[in-house]
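> Dropping the structure in here first, questions after.
The values are calculated or read from the model by the stated rules, or taken from the named source; none is laboratory data. Everything numeric here is computed off the predicted structure, so don't read it as measured data. Every residue, glycine among them, receives a Cβ derived from its backbone with ideal geometry; neighbour counts consider all protein chains shown. Protein only, heavy atoms only, side chains kept; ligands, DNA and RNA dropped before computing areas. Shrake-Rupley method; radii C 1.70, N 1.55, O 1.52, S 1.80 Å.
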Amino acid sequence: MTEMLNGSDFGGILVHNFSEKILEQVVHFHVMKLNEGFFLWVGSAPALSNLAVSMSSKYDSMPLSTLVLGDPSNTAANSLAQRLAKRTKKQVFVSYSLPMTNSSLSLLVENRIKKELELHPENF
């Protein structure tokens, strides 16, 4: 198995990984920059438990979003994808694989993503 280097370009897809300890839990972030969009996976263990997609619409100020995979009662991926699409004006795919037991964790995770967007906008 080959190890992917952070910031590597694989045939037009830029890969960027970062991790942070948030509320005593190590949270991993995996970003794949696509043409006119990006995929973001957030989790503490390797699992794709859900997948949401969101994109801007000329008919509404809020981006359209839908859950492609996962439990529809868990709205974390959908909400995050929608907020990131509004912020970046890009098509956004999000998989949010963290437990929804702590709303503070979700807020801190989103703040960490925003910080990374500000520090490394070229990776999104």
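> Ignoring ligands, DNA and RNA, please state the percent of accessible area on the chain from carbon and sulfur, probe 1.4 Å.
Answer for the chain is 57 percent, counting heavy atoms of protein chains only.
> May I ask which residue of Gln82, Phe39, Phe124 lies farthest towards the positive end of the charge dipole of the chain, with charges of +1 (Lys, Arg) and -1 (Asp, Glu) on Cβ and the Cα centre as origin?
Gln82
> Can you say what percent of the DSSP beta bridges in the chain, counting only those with both residues inside, are antiparallel? Round to 5.
On the way: 27 of 34 bridges.
Antiparallel bridges make up about 80 percent of those DSSP assigns within the chain.
> Per DSSP helix of 4 or more residues, -39500 (n - 2.57); summed, then divided by the residues of the chain. What does that give at 222 nm, rounded to the nearest 500?
About -8000 deg cm²/dmol.
> Sticking with this structure for a sec: Evaluate the relative contact order of the chain (contact order divided by residue number), counting alpha-carbon pairs under 8 angstrom at least 6 apart; express in whole percent. It would help to have the intermediate numbers written out before the result.
Working: 228 pairs, mean separation 29.4, N = 124.
That works out to 24 percent.
> Moving on. Report, ordered by chain and residue number, the lysines lying within cross-link reach of Lys86, taken as a straight Cα distance under 24 Å and ignoring same-chain residues fewer than 8 apart.
Lys33, Lys58, Lys114, Lys115
> In the set (i) 277; (ii) 151; (iii) 119, which value of volume of the Cα convex hull per residue in Å³ was calculated from the structure you see?
Given (i) 277; (ii) 151; (iii) 119, the structure-derived one carries the label (iii).
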